[in-house]
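Each remark here refers to the structure printed beneath this line.
A short reminder: the numbers here are calculations on the coordinates, not readings from a lab. Keep in mind it's a predicted model, so treat the numbers as computed, not measured. We place every Cβ from the backbone using ideal geometry, glycine too, and count neighbours over all the protein chains shown.
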There are 4 protein chains.
Amino acid sequence: MQPNSIARVAAFCLMAVCALDVNAQGPCLTASKFGPTDQIGNVNHITPEKTLAASKLITKGKAYRLGIETNKDTPAYPPRTFAITIVQPGQTAGASLGPTKTTYNDDLINGWAGVGSQLDGLGHIGIDNLYYNCNRSVDFVVTDGLKKLGVENVPAIATRGVLLDMSGYFNSEIVKEGTAFNRVEIEGAMKRQGIKSIEKGDVVLFYTGWLKLIGKDNKRFGSAAPGLGRDGARYLASLGVAMVGSDTWSFEVVPFEKDAGVFEVHQILLPRNGIHILENINTEEMVKDQAWEFLFTLGPTRITGAVQAIVNPIAIK
Amino acid sequence: MQPNSIARVAAFCLMAVCALDVNAQGPCLTASKFGPTDQIGNVNHITPEKTLAASKLITKGKAYRLGIETNKDTPAYPPRTFAITIVQPGQTAGASLGPTKTTYNDDLINGWAGVGSQLDGLGHIGIDNLYYNCNRSVDFVVTDGLKKLGVENVPAIATRGVLLDMSGYFNSEIVKEGTAFNRVEIEGAMKRQGIKSIEKGDVVLFYTGWLKLIGKDNKRFGSAAPGLGRDGARYLASLGVAMVGSDTWSFEVVPFEKDAGVFEVHQILLPRNGIHILENINTEEMVKDQAWEFLFTLGPTRITGAVQAIVNPIAIK
Amino acid sequence: MQPNSIARVAAFCLMAVCALDVNAQGPCLTASKFGPTDQIGNVNHITPEKTLAASKLITKGKAYRLGIETNKDTPAYPPRTFAITIVQPGQTAGASLGPTKTTYNDDLINGWAGVGSQLDGLGHIGIDNLYYNCNRSVDFVVTDGLKKLGVENVPAIATRGVLLDMSGYFNSEIVKEGTAFNRVEIEGAMKRQGIKSIEKGDVVLFYTGWLKLIGKDNKRFGSAAPGLGRDGARYLASLGVAMVGSDTWSFEVVPFEKDAGVFEVHQILLPRNGIHILENINTEEMVKDQAWEFLFTLGPTRITGAVQAIVNPIAIK
Amino acid sequence: MQPNSIARVAAFCLMAVCALDVNAQGPCLTASKFGPTDQIGNVNHITPEKTLAASKLITKGKAYRLGIETNKDTPAYPPRTFAITIVQPGQTAGASLGPTKTTYNDDLINGWAGVGSQLDGLGHIGIDNLYYNCNRSVDFVVTDGLKKLGVENVPAIATRGVLLDMSGYFNSEIVKEGTAFNRVEIEGAMKRQGIKSIEKGDVVLFYTGWLKLIGKDNKRFGSAAPGLGRDGARYLASLGVAMVGSDTWSFEVVPFEKDAGVFEVHQILLPRNGIHILENINTEEMVKDQAWEFLFTLGPTRITGAVQAIVNPIAIK
């Protein structure tokens, strides 16, 4: 064998050894604290008691629509596209149906699920094809729908929501790209806002102002973002939060932190800790109202085998 | 001209006169009580006071997921189809991204919006191409998205929900197709269940057991259904409800009532009264728990220009 | 009734009378010379004798590929879009199939048929919803595929092709938009090129240089074009040609001629004369080679119920 | 390390060594005889001389349409689906365009390219992610279109076609599934039909009768097939044929021959020899006419970056 080839075999074997970390030693890297058949992760922490307590946070009855619009112009992670087509079946030449002249419009969607406000399901991100709770892609990923971890498994979400105003914390209308939120920043924001705790089963949302860039500087919008860092991810995981989200496309800080892997924060949250991620979540009005703690509700579209879902969560304060 | 032709012209002119009823006399047939620019209808009745009061209905903190699954096998009104495709961009030959070997799945949706649990937007049904609030299709219907009445306009929905157990009322596990619910049945069910009132801004849901047919008798499921009749629709409209829904594909009774138009109940609700309709809404568990009055929440996907949306409302009791 | 309304009824009735021209007098306006069940039009003129004679036009054996590329950047008539997605089913994590490690790519198409080089089928254009051979849209247009006139009916096309070099005729690298080709120009070009005749069953292609604009000035490309005028259309129809085509998006002259209807040339050709139209057909190399008369072959994709087809005809000289 | 793990590393390393056969020793396994930049394979053998000679095979002028229909009911290799949607943009309420009341239908395609009669491009099948002419998937496979080997590169195809009537050879209306065609059978069929040779640049088609199963026994149709075996593939490759095809979904024999890999015949033809494959090609009428040698023409749809194309080749005798 040529030296080049020997080196290649050696590298291959080394990778094999490293791969063992992912796949072969004892319980797998992504084993769930909720048992070997769990598919939903930390949303298991949302109990009726939790929901009931969260409903008491409602003081005004103001409901906030947290989703942005999804259409062909929504900036999206390449190569994602989106299109809707409106049709009027059977109504050519002005035809209508029946004595009361019923007419109707119908619609077709042709687009990627990851466009606009979205929920990353637990089947979205993996570590070398190992996904949440020891699911290897070869076992559950099928072209016409995930066999495990699909978004249709997500239960009704109604829990305490906590909004961290990073724009206020950094005193910047739009927090600069590359700004990482770690434990220090999270605790600092909580203190500034008078939020006493982040608890098990919470949904934690970050406000950065980043969505203001859509339609003004789509290039900047999609090329980087402020967001959670690895230390912050581990910290929130230690608190047992159910979901996290922000008003950016990436949720985590981009460019990634020094020495961080590609979307490593996603890896810490989704496969390693079963924490769902929400992106492009618009909390601007809530920040204006200083609605820091609230009832957060979400029913993601139950498309069987879906990796992600276009969402529009409702917060109530 | 031949006699046949003369008759045709006469008919044409007659239709023109009738058409005037729809289009030309005074305020149009579908003028909104909320003013000429309104696009959302009776959801305008959902005020913060209404939401706050509804939140007090939560006693246990139990959250119910009301959406059914949507996939290629979900029975749907022809010629609707649905498909999801899972892809792994850039990860051929076992490639992963970066030092932490990030891998990911992405998904594409190719399907009609009206498959599974759905919200009918105010752009869905018209009367001879006249839609809610005097919007004529020629003015707002464009192939790549409605210019008015799109589902993206629907505000955050958090309001009092009322569940009418028609299965219990008729003492039938699955209420028979063709059974119409009108004022008598509505009031009868309320009385049976101890529901004192239906109020302005409520979301009224009907349970019939019809969803049990999916997977057992799809043909029967999709060919008919029990549901609201015209008198019932006018009654609920008089009460100012925000939305109505049921666990059938059609919401309204099919076959239609004697002398009724095609989906005439839809016409009474959507264009004439600005009341949104929800279909295939699964309230089976709520009926078991006798959760008759509750907080109903819904954030429909904000796809710009959409006629309908696949939904998964969350009810909390 | 108000004066305004009376005027409207009057107008309605007038339109009804005009409408009679389309629908009610004797044989309909678009009745086919090939009988009441014909769905393919003048391609009926392509007989084996015609094909055999055309094959004798081959002198060099040079085969020309007349289709341009179709992709998401191809300028197209709004709101048409096009996307292709490449997938590798079942091959996550570097998996392959079997002992010889078979791997494969597959592809999905999500796009409008009318993007790139296309064939307009006889179901594409109508006159007030009356299509070729008395087919009214209400009778044959269904949302999931035309019941008549679909492109799947087109027989194998192998016939004499005639290429008219309008760029040479007008001595202009790119013929100016709005330049109409009528009988004078057609005969003039034939004379200049030494083409003795245009015959029944021929496919007549026009070269204008218009395709050179793609990628350089897509806006100009799609906003106008040189092309056939009404007189030219009637002239070619009188000669019994099977198909016509050009290297523009519209085939016919845009802006339309004075007093012409919208795409009226299409109406003269498709519904009135059963002559198929080809658009964005690239004959640049043939013009360089002065390949004026040749064997033209085309097998349009046989998608059932299709209105149009993306094509790539082969010419052989 | 546990014994199990050691075994796994060992296996991993062994695979790495085997993998070297594909990737690292000398010129790669799939290097093209046409040079390192070639993307089209043996169609390079189709010269003008070849085309001219093939045109002389036309004696009657009869043109055959070899494509079958593609629609949602066409049996296809899972999970492929296909749908077409017909729309009438801007024509709600009977609207038409302009003084001549132009109306039109448009169509959208949402489906996999590999449905119906298809051409497998050189980017379709690989050996452990190594494709034709040393193209590794990581280098050319991108989610929104292949960067190399896309079907848009295929030149105009006009060459000698040879039809082998295997149904006649085996004296069976439908040749049994699992029947392999190798050199003996190929030469036997040629002898029986009086075909003297198969030459460089030919397109060789096999007729088996298999398409008769569509609509009668789709399950049998798609579960197996008669077809080319490995020896036959190597034989045809040695003759330098440009393309091969048959009237089955798989082209090659299924079940695969003893000890054969998964679609190994595809691997011999596409990546190893640059020979395109055609599937579901309907030559039934040609067999009736005993049209054994003919002009074969094909212009595959030039969708940029496509792996496959739905085709409708035209044969002329």
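Measuring from the axis that maps chain B onto chain C, the chain B residue with the nearest beta carbon and its rounded distance in angstrom come out as B:Gly94, 1.
Counting Lys and Arg as +1 and Asp and Glu as -1, what is the net charge of the other residues whose Cβ lies under 9 Å from the Cβ of B:Asp289? Intermediate results must be reported in sequence, preceding the final value.
On the way: positive: B:Lys60, B:Lys62, B:Lys288, B:Lys317; negative: B:Glu285.
Result for the neighbourhood of B:Asp289: +3.
With its label point put 7 Å out from Cα toward Cβ, B:Leu97 sits 2.8, 4.1, 4.4 nm from the same residue's point in the other copies, in order from shortest. Here the Karplus curve 6.51 cos²θ - 1.76 cosθ + 1.60, taken at θ = phi - 60°, turns the phi angles of the range B:264-280 into couplings of 5, 4, 4, 5, 5, 7, 6, x, 7, 10, x, 9, 5, 10, 10, 10, 6 Hz, with x standing for Gly and Pro. At an R0 of 35 angstrom, the distance between the Cβ atoms of C:Asp217 and D:Phe34 translates into a FRET efficiency of 0.45.
Peptide D:145-157 has a mean shielding of 4, counted as Cβ atoms of other protein chains within 10 Å of each residue's Cβ.
With r as the distance between the Cβ atoms of C:Glu285 and C:Ala53 and R0 = 22 Å, compute the FRET efficiency 1/(1 + (r/R0)^6) and round to 0.05. All intermediate terms of the calculation are to be shown ahead of the outcome.
Working: r = 24 Å, r/R0 = 1.09.
Computed FRET efficiency for C:Ala53 and C:Glu285 comes out at 0.40.
Structure remark: mean-square fluctuation, Gaussian network model of chain D, C-alpha springs under 10 Å; the largest value among D:Gly229, D:Gly215, D:Gly168 belongs to D:Gly215. Pairs of Lys residues in the range D:162-317 that lie 8 or more places apart, or on two chains, and have C-alpha atoms under 25 angstrom apart add up to 17. Let me make sure I get this right: for the range C:98-154, a, b and c are the square roots of the gyration tensor eigenvalues over alpha carbons, sorted descending. Under 1.5 in a/c it's rounded, otherwise prolate if a/b > b/c, else oblate. Which is it? It comes out prolate by the Cα gyration axes.
So if I take the centroid of the Cα atoms in the range D:271-317 and the same for the range A:163-209, what is the distance between those two points in Å? Computed from Cα coordinates, the inter-centre distance equals 62 Å. Local charge for C:Gly209 was computed over the other residues whose Cβ lies under 13 Å away, with Lys and Arg +1 and Asp and Glu -1, and equals -2. Taking a ≥ b ≥ c as the square roots of the eigenvalues of the alpha-carbon gyration tensor, the range A:181-317 is classed rounded because a/c is under 1.5. Seen through its C-alpha gyration tensor, with square-root eigenvalues sorted a ≥ b ≥ c, the protein assembly as shown comes out oblate because a/c lies at 1.5 or above while a/b is not bigger than b/c. Per-residue shielding of D:69-80, expressed as the average number of other chain Cβ atoms within 10 Å of the residue Cβ, stands at 5.
Sorted by average packing, counted as other Cβ atoms within 10 angstrom per residue and highest first, what order do D:99-109, B:56-66 take?
Working: D:99-109: 22.1, B:56-66: 20.3.
Result, highest mean Cβ count within 10 Å first: D:99-109, B:56-66.
In nanometres and ascending order, the distances from the A:Lys258 label point to those of the other copies are 6.6, 7.6, 8.4 (point 7 Å from Cα along Cα→Cβ).
When the helices in chain C are scored as -39500 (n - 2.57) per DSSP H run of 4 or longer and the sum is shared across all residues, what 222 nm value do you end up with, to the nearest 500 deg cm²/dmol? Write out the running numbers ahead of the final one.
Numbers: 9 runs with 78 residues, N = 317.
-7000 deg cm²/dmol, from helical runs alone.
With label points set 7 Å from Cα along Cα→Cβ, the inter-copy distances at A:Gly215 are 3.6, 4.3, 5.3 nm, sorted shortest first.
Using a cut-off of 10 Å between beta-carbons, work out the net charge of the residues near B:Gly245 (Lys and Arg +1, Asp and Glu -1, B:Gly245 not included). Before the final figure, lay out the partial values.
Working: positive: none; negative: B:Asp120, B:Asp247, B:Glu279.
Taking every other residue near B:Gly245 into account, the sum is -3.
Springs join every pair of Cα atoms under 10 Å in this Gaussian network model of chain D, and among D:Ile68, D:Ile214, D:Ile268 the largest mean-square fluctuation is at D:Ile214. Who wins for biggest fluctuation among D:Glu199, D:Glu49, D:Glu185 in a Gaussian network model of chain D, springs between alpha carbons below 10 Å? Looking only at D:Glu199, D:Glu49, D:Glu185, the biggest GNM fluctuation is shown by D:Glu49. Efficiency by 1/(1 + (r/R0)^6): what FRET value for B:Lys196 and B:Lys258, r their Cβ-Cβ distance, R0 = 30 Å, to the nearest 0.05? Here the calculated transfer efficiency is 0.40.
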